[in-house]
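Trainee: I am attaching a structure below and will ask some questions about it afterwards.
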Amino acid sequence: MSHIVTVYVQVTDLDAIRSACRRLQLKEPVHGRAVLFETEVEGILVAIPDWLYPVVCVLDTGELKYDNFQNAWGDEKHLHRFVQMYGVEKASIEARRKGYSVVEQPLGDGSIKLTVNVGGVL
């Protein structure tokens, strides 16, 4: 039986952030502070390709804080790719923790299909 699931992502898992960064060949995320416009934010700093400032993952709230000045300081498509990969990694980590197998399939529209087998053979 298959089910369609919509996932709303809150970025709260450092291991999944690290895995997403590795898969996207981004620098290793680090804990630190970043000044975004006139506000200093603390959290896990992720260097997104071609962005002037890092994205800050606030693990306590799941929020992403960033300043790309309406795409002038960074194309949001790179941010969306990071969030997508975080979601894939987090879902895979949680499924495997429960003993389930996961198969990943990239789709032509850029989305990723995850099949989680909760028992039996895929």
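The values are calculated or read from the model by the stated rules, or taken from the named source; none is laboratory data. Computed from a predicted structure; not experimentally measured. Here Cβ is always computed from backbone atoms with ideal geometry, including for glycine, and neighbour counts include all displayed protein chains. For the accessible areas, the whole protein counts, side chains as well, though only heavy atoms, and no ligand, DNA or RNA atoms are used. Shrake-Rupley method; radii C 1.70, N 1.55, O 1.52, S 1.80 Å.
Trainee: Quote the relative contact order of the chain in percent (integer), defining contacts as alpha-carbon pairs under 8 Å separated by 6+ residues.
Mentor: Result for the chain is 20 percent.
Trainee: What residues qualify as long-range amide H neighbours of I48, i.e. H under 5 Å apart, gap of 5 or more or another chain, H built at 1.01 Å from N?
Mentor: The list, which skips near neighbours in sequence, is V55.
Trainee: Sticking with this structure for a sec: Using only the alpha-carbon atoms, how far is helix 14-23 inclined from the longest principal axis of the chain? Give it as 0 to 90 degrees, nearest 10.
Mentor: It works out to around 90 degrees.
Trainee: Give the accessible area for I93 in Å² (nearest 10); use a 1.4 Å probe, count only protein heavy atoms, and leave out ligands, DNA and RNA.
Mentor: For I93, solvent-accessible area is about 40 Å².
Trainee: Mean-square fluctuation check for the chain, GNM, Cα pairs under 10 Å: which of A16, A72, A47 is largest?
Mentor: A72
Trainee: Stretch F37-T61 to full length: gain in nm at 0.36 nm per residue minus the Cα-Cα span?
Mentor: That pair, F37 and T61, stretches by 6.6 nm at full extension.
Trainee: Right, here's the next one. Working from Cα positions, state the angle (0 to 90°, nearest 10) between the long axis of helix 76-97 and the longest principal axis of the chain.
Mentor: So the inclination is approximately 40 degrees.
Trainee: Here's another thing I want to ask about it. Over the chain, with every protein chain in place, what whole percent of the accessible area is carbon and sulfur at 1.4 Å, could you tell me?
Mentor: 51 percent
Trainee: Please state the Cα pair-distance histogram of the chain with 10 angstrom bins from zero: what percent is in each bin?
Mentor: 12, 41, 31, 12, 3, 0
Trainee: Determine ³J(HN,Hα), in whole Hz, for all residues of the range 32-38 in sequence, where each value follows from phi through the Karplus function 6.51 cos²θ - 1.76 cosθ + 1.60 and θ = phi - 60°; x replaces Gly and Pro.
Mentor: x, 10, 9, 8, 10, 6, 10
Trainee: Amide H of L24: which non-local residues (sequence gap of 5 or more, or other chain) have their own amide H closer than 5 Å, using H built in the peptide plane?
Mentor: Excluding prolines and chain starts, which carry no amide H, there are no hits.
Trainee: Under a 10 Å cutoff between Cα atoms, tell me which one of P49, P29, P106 has the largest fluctuation in the Gaussian network model of the chain.
Mentor: P106
Trainee: Considering only protein heavy atoms, what per residue accessible area in square angstrom results for the chain with a 1.4 angstrom probe?
Mentor: 67 Å²
Trainee: Loop only by DSSP, 12 or fewer other Cβ within 10 Å of the Cβ. Give me the chymotrypsin sites (Phe, Trp or Tyr not before Pro) in the range 32-84 that pass, ordered by residue number.
Mentor: Sites meeting the loop and neighbour criteria: F37, F69.
Trainee: Which of the GluC sites (Glu not before Pro) found in the range 22-122 are loop residues per DSSP with 14 or fewer other Cβ atoms within 10 Å of their Cβ?
Mentor: Sites meeting the loop and neighbour criteria: E38.
Trainee: Which of R22, R97, R33 moves the most in a Gaussian network model of the chain with Cα springs under 10 Å?
Mentor: R97
Trainee: HN-Hα J couplings of the range 100-115 from phi, Karplus 6.51/-1.76/1.60, θ = phi - 60°, integer Hz, Gly and Pro as x?
Mentor: Each residue of the range 100-115 in turn: 8, 9, 10, 10, 10, 9, x, 9, x, 8, x, 7, 10, 9, 10, 10 Hz.
Trainee: For L36, list long-range residues whose amide hydrogen, built 1.01 Å from N in the peptide plane, is under 5 Å from its own amide hydrogen.
Mentor: The answer is V41.
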